[in-house]
Every structure is written in structure tokens, then in C-alpha cells.
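Report on the following structure.
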Amino acid sequence: DTEVTQTPKHLVMGMTNKKSLKCEQHMGHRAMYWYKQKAKKPPELMFVYSYEKLSINESVPSRFSPECPNSSLLNLHLHALQPEDSALYLCASSQDPGVQNEQFFGPGTRLTVL
Amino acid sequence: AQSVTQPDIHITVSEGASLELRCNYSYGATPYLFWYVQSPGQGLQLLLKYFSGDTLVQGIKGFEAEFKRSQSSFNLRKPSVHWSDAAEYFCAVGVRGTASKLTFGTGTRLQVTL
């Protein structure tokens, strides 16, 4: 299995809602990432998990809360988002956090904040 | 800090014509280099990567790229473009000796005319 899956595919939420994005990989990768991508822009790194521990937080607002329950799962909890947070949220994984490996991306979750 | 420049925002080629997408990087040592492709509303797919060794790298879908240290470039090429190649192409650089953190270029949108 060489796939990163993300659910849901689309999500619409109000500014007072709480929702979660889910990412899963079964490639045995020990590094997992969340990216945010606005239209016509490159992905922007948000968080990196290495061996299920948060290793990089790119100064992301606290309304975004990542969680890595195990080596295969990565969640992004959303609360009190703003309309400017509407974007494509991409999850990725790579084999070894200590080595520069290629990252495998999921299809993304298209988030709309009303 | 490392950076990536993709000078062409938008390129249009005819189906069957050859293609070259430009990528220049800035980094003090030999970087890890990647090309990713993204279809509208989708995740990123890795086309090819350069870590070391042979400077001409073969990838999927008939793409190749050449690493030229003297020009700090890693241009992507394809001898004959197919209509299905229309997409956004991102060049990315990773830094040796750190966790798998990528810096992306701004992307080049490829349009293919029939």
C-alpha cells in the first residue's frame, strides 16, 4: 500500500464549529506532515510529526490543533476558524524523519469556512 | 535559507511538442531536489527526485530532469507532451541533514493545446 488517504474530501464549517481532518498511511512511514494550500499557491508547511511526536510547528494559530494517535494516523482538529482559513489541506508522509526522503501526499481535504 | 524559483508562471505547449520547465534553487551545498505534479483539486504526485549520483534523473510519465550544479538548476523535460500532462508543476528543495522539510517553488501551470 503506497497511499496516503484523507477524509473527508470536502468540509464546510461555520466559524463556531469544531471539526477534524483525518489522514492515514500504511507504508510504515514515521514522519507525517500537514500542509495548507491556497488557490494558485504552493503548499505551506504547518506541522511535522516525527515518531508520533510534534517536531515542527510553523507558527500556526492555536485554532489548528494536530494530533498523532499512532504511527499510521494524523488528525488536524479545527476550532473557531476564520474564512481566510479556507484552503486545501494536504497530509503527507515520509519514511524516516532523520533523513531527507521524498514525501507522499494525500488527495487533500477542501475546507470552506463560512 | 534555501529557496526555489520557478520563473515561468504559465506555459502553453501543443500536444506532441517538447517541454522544459525551469527551476533554480539557492542553497549553499548540494540539496535534495524534487519535482511534483498537481492536477486541479488533487494532491501532489512525485515525478522524480535527485539526491546524488547521475545528474540526469528519469521519472514517471516520461519525464526527466537534469541537475546542473554550476547553474543551480534542476529543469524538468519531456520530449513529447500529452494532453493529460496539463497540470501545476512544483519544484521543491530539501536540505541535507535535517528532517524532511521541503521548500516549494511557486509553481508553473502547464496548458496543453490539441
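The values are calculated or read from the model by the stated rules, or taken from the named source; none is laboratory data. Note that this is a predicted model, so its numbers are computed, not measured. Glycine also receives a Cβ, built like all others from the backbone with ideal geometry; neighbour counts cover every protein chain displayed.
The rows are residues; the columns are (1) among the polar types (S, T, N, Q); (2) within 13 Å of the chain's Cα centre (by Cα).
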residue	(1), (2)
B:Gly28	no, no
B:Tyr32	no, yes
B:Trp35	no, yes
B:Gly43	no, no
B:Phe51	no, no
B:Ser80	yes, no
B:Ala86	no, no
B:Thr103	yes, yes
> Which members of the stretch B:85-98 meet the condition of being at pLDDT 95 or above and either among the hydroxyl-bearing types (Ser, Thr, Tyr) or part of a loop (DSSP other than H, G, I, E, B) (or both)?
Replying inline: B:Ala86, B:Tyr89
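For every residue, the table says whether it meets (1) in contact with a Leu (Cβ under 8 Å, 6 or more places away or on another chain); (2) in a strand (DSSP E or B).
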site: B:Tyr25; (1), (2): yes, yes
site: B:Thr30; (1), (2): no, no
site: B:Pro40; (1), (2): no, no
site: B:Leu47; (1), (2): yes, yes
site: B:Ala65; (1), (2): yes, yes
site: B:Phe74; (1), (2): yes, yes
site: B:Ser100; (1), (2): no, no
site: B:Thr103; (1), (2): no, yes
> Pairs under 6 Å by beta carbon, first residue without any contact (Cβ under 8 Å) to a residue 24 or more places away in the chain in the stretch A:100-113, partner of a type in the set (S, T, N, Q), six or more apart or different chains?
Replying inline: A:Gln100/B:Ser100
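Results for (1) in contact with a strand residue (DSSP E or B) (Cβ under 7 Å, 6 or more places away or on another chain); (2) closer than 18 Å to B:Gly43 by Cα; (3) assigned to a loop (DSSP other than H, G, I, E, B), shown as yes or no for each residue.
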| site | (1), (2), (3) |
| --- | --- |
| A:Thr16 | no, no, yes |
| A:Glu24 | yes, yes, no |
| A:Trp34 | yes, yes, no |
| A:Leu45 | yes, yes, no |
| A:Leu54 | yes, no, no |
| A:Leu81 | yes, no, yes |
| A:Pro97 | yes, no, yes |
| A:Leu111 | yes, yes, no |
>> It is to be established whether one or more residues within the stretch B:68-82 are without any contact (Cβ under 8 Å) to a residue 40 or more places away in the chain, farther than 30 Å from A:Phe47 by Cβ and touching a strand residue (DSSP E or B) at 6+ places or on another chain (Cβ under 8 Å).
In response: yes
> Here are B:Phe51, B:Phe104: which of them is within 14 Å of chain A (Cβ to nearest Cβ), in contact (Cβ under 8 Å) with a residue 40 or more places away in the chain and either in contact with a Lys or Arg (Cβ under 9 Å, 6 or more places away or on another chain) or not charged (D, E, K, R) (or both)?
Replying inline: B:Phe104
>> Just the residues that are buried (at least 16 other Cβ atoms within 10 Å of the Cβ) and in contact (Cβ under 8 Å) with a residue 60 or more places away in the chain, please, taken from the stretch A:63-89.
In response: A:Leu78, A:Leu81, A:Tyr89
